[in-house]
Amino acid sequence: MLELSILGFLAEEPLHGYELKERIKALNGHVRPVSDGALYPAITRLVTAGKLGQHTEPGSSAAPRRMLSLTGQGREDLLERLRRPKQAEITDQVRFNTVLAFLRHLPDPREQAAVLQRRLDFLTTPASFFYRDGEPVRAEETDDLFRQGILRVARATGEAERAWLTEAISLLRQPS
């Protein structure tokens with residue numbers, strides 16, 4: 001997901017490492033913070049693979065800054081990652097939000113709709129945070145106030161997301 005975030009943000013404009021880190025942090029929030037120990041090796045891997053270009057610019061008040069930009073190969077990698085997200089990028093909410101944040105870079109609305117359809121298919125499969133005898137437990141089936149809260153909030157957000165996905169897929173599948 002880190003590489004997808006790097007490629008996605010650099011598809012929008014060249015950035016230096018600190019700006020890139022701040023944007024990734026804002027997207028992921030406190031849930032999955034990005035450390036320098038993860039970010040800079042990922043940048044180095046992408047530069048070495050020819051997916052990012054870099055050049056030095058004078059710093060605003062201090063040392064020169066290493067500016068990063070997306071190469072043609074990097075753009076192709078970004079588009080491929082968006083066309084075919086891994087299953088964990090569909091099922092995990094934070095990872096899916098990262099895909100969603102950059103899905104507009106995929107030029108074909110049908111391909112965008114296909115990614116959203118995968119998420120919708122996942123969300124329509126009965127699931128729960130809690131199970132009894134192999135069956136999902138619904139909020140109404142537990143006396144635990146706190147588990148009830150988890151299940152009710154999950155149901156409400158799931159309903160809202162499914163409604164939005166259905167609407168977005170419909171719009172994307174309309175003839176142009």
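The values are calculated or read from the model by the stated rules, or taken from the named source; none is laboratory data. None of the values given here were measured: they were computed from a predicted structure. Don't worry about glycine lacking a Cβ; one is built from the backbone with ideal geometry, like all the others, and counts go over all protein chains shown. For accessibility, only protein heavy atoms count, side chains too; no ligands or nucleic acids. Shrake-Rupley method; radii C 1.70, N 1.55, O 1.52, S 1.80 Å.
In the chain, helices alone account for a calculated mean residue ellipticity at 222 nm of -19500 deg cm²/dmol, with every DSSP H run of four or more residues adding -39,500 (n - 2.57). With both labels modelled 7 Å from their Cα along Cα-to-Cβ, the E159 to A127 distance reads 1.9 nm.
Residues whose amide H falls under 5 Å from that of M67, counting only those 5 or more places apart or on a different chain, are H55, T56, E57, with hydrogens built in the peptide plane. What does the accessible area per residue of region 1-156 come to in Å², with a 1.4 Å probe and no ligands, DNA or RNA counted? I get 58 Å² per residue for this part.
Were the residues from Q174 through A114 laid out at 0.36 nm apart, the gain over their Cα-Cα distance would be 20.3 nm. Across D77, D121, the residue with the most accessible area heads the list, and the full order at a 1.4 Å probe is D121, D77.
For L27, the accessible area of its heavy atoms, probed at 1.4 Å with every protein chain present, is near 60 square angstrom.
Only one item in (i) 16.9; (ii) 18.9; (iii) 18.4 matches Kirkwood radius over Cα pairs in Å derived from the coordinates shown, and that item is (iii). Under the combined filter of DSSP loop state and at most 15 neighbouring Cβ atoms within 10 Å, region 67-176 retains these trypsin sites (Lys or Arg not before Pro): K86, R138. Around G53, with a cut-off of 12 angstrom between Cβ atoms, what is the net charge of the other residues, counting Lys and Arg +1 and Asp and Glu -1? Charge balance near G53 sits at +3. Computed from phi, the 3J(HN,Hα) profile of region 164-175 under the Karplus parametrisation 6.51, -1.76, 1.60 (θ = phi - 60°) reads 5, 4, 4, 5, 5, 4, 4, 5, 5, 8, 5, x Hz, with x in place of Gly and Pro. Computing FRET efficiency as 1/(1 + (r/R0)^6) for A26 and R75, where r is the C-beta to C-beta distance and R0 is 30 Å, gives about 0.85.
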